[in-house]
Amino acid sequence: MTHTYTPLGYAPMPHLTGDNTKLIQRVRRLRGQLEGVERMLVDGKNCYDILQGVAACRGALNGLTKEMMLAHIDHHLLQTPESPETVRASAVELRSIIESYLK
């Protein structure tokens, strides 16, 4: 398992180490949509169809991001706050995630 550095240190996302079936399904659906866009480009399909495929990919990625952000908020800020410092660090971490997402 790869660990990413966060304001809380190096740690896995414990709320995502359980049953990730729905998230994995979203990722696979997104992969399929991206492969569809690639096929359309290779096959020389028209711009409208390609742009529709790109829009679908963006929607799928936004949905995945939303689910992960909500799980993060629920776990770190609403369900298991250990101390005010932990809540603050989680809020800083979430702020960083949102800032990078909205670039």
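So here's what we get for this one:
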quantity: Under 25 Å from the Cα of Lys66 - lysines, other chains or at least 8 residues apart; calculated: Lys22, Lys103
quantity: Cross-link partners of Lys45 among aspartates and glutamates (Cα-Cα below 20 Å; sequence separation of 8 or more within a chain); calculated: Glu35
quantity: Phi to ³J(HN,Hα) by Karplus 6.51 cos²θ - 1.76 cosθ + 1.60 over the stretch 92-97, Hz, x for Gly, Pro; calculated: 4, 4, 5, 4, 4, 4
quantity: Net charge contributed by nearby residues that have their C-beta within less than 15 Å of Arg39 (K/R +1, D/E -1); calculated: -2
quantity: Calculated P(r) of the stretch 20-101 - Cα pairs past 22 Å, %; calculated: 44 percent
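No lab work stands behind these numbers, since they all come straight from the coordinates. Computed from a predicted model, the values in this text were never measured in an experiment. Backbone-built Cβ (ideal geometry, glycine too); neighbour counts: all protein chains shown.
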